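The values are calculated or read from the model by the stated rules, or taken from the named source; none is laboratory data. Quick caveat, the model's predicted, so the values are computed rather than measured. Because the Cβ atoms are built from the backbone with ideal geometry, glycine has one as well, and the counts that use them run over all protein chains shown.
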Amino acid sequence: MATGKECNGDFLGSSLISWNSKNQACVALSTAEAEYIAVGSCCAQILWLKQQLADFGLQISKVSLMCDNTSAINLTKNQIQHSRTKHIKIRHHFIRDHVSNGDCEVKFIETKLQLADIFTKLLPKERFFFLQNELGILDLQNLS
């Protein structure tokens with residue numbers, strides 16, 4: 001069984017505008033299912049943010065969601081219910097509708113480029129600085 005943290009981060013352009021991390025509310029039978037549930041949760045947050053931005057007159061079409069689990073990505077694209085996925089609660093499958101409607105797209109990202117790791121894992125110094133740079137975070141102590 002896979003349990004753990006659910007991590008979501010949203011960017012507007014290259015700026016991180018939202019971040020959360022919480023223990024998952026359910027126990028998954030596989031890492032693919034756990035990632036699929038996390039992607040669905042992130043999709044819900046994206047839809048909320050898109051509506052907030054629309055209220056300010058900013059229309060955003062398709063939003064990219066990054067995931068490092070190809071099995072979870074395939075689950076978001078497959079509209080057919082298989083015996084291996086029938087145990088996943090229906091509420092988690094709403095992401096399939098939003099992917100097929102074009103509200104969001106789930107893209108593969110290599111694990112080494114997963115920006116969320118800086119918030120959730122103890123990292124070697126080199127990896128920490130790499131992810132810090134990718135997020136555009138400045139080290140104010142070394143600016144002088």
Would you call LYS5 surrounded by 11 or more Cβ atoms within 10 Å (Cβ to Cβ), closer than 24 Å to ARG127 by Cβ, in contact with a helix residue (DSSP H, G or I) (Cβ under 8 Å, 6 or more places away or on another chain) and modelled with pLDDT under 85? yes
Across the range 97-115, what is the number of residues that are modelled with pLDDT of 85 or more, of a type outside the set (A, V, I, L, M) and over 14 Å from SER71 (Cβ atoms)? 9
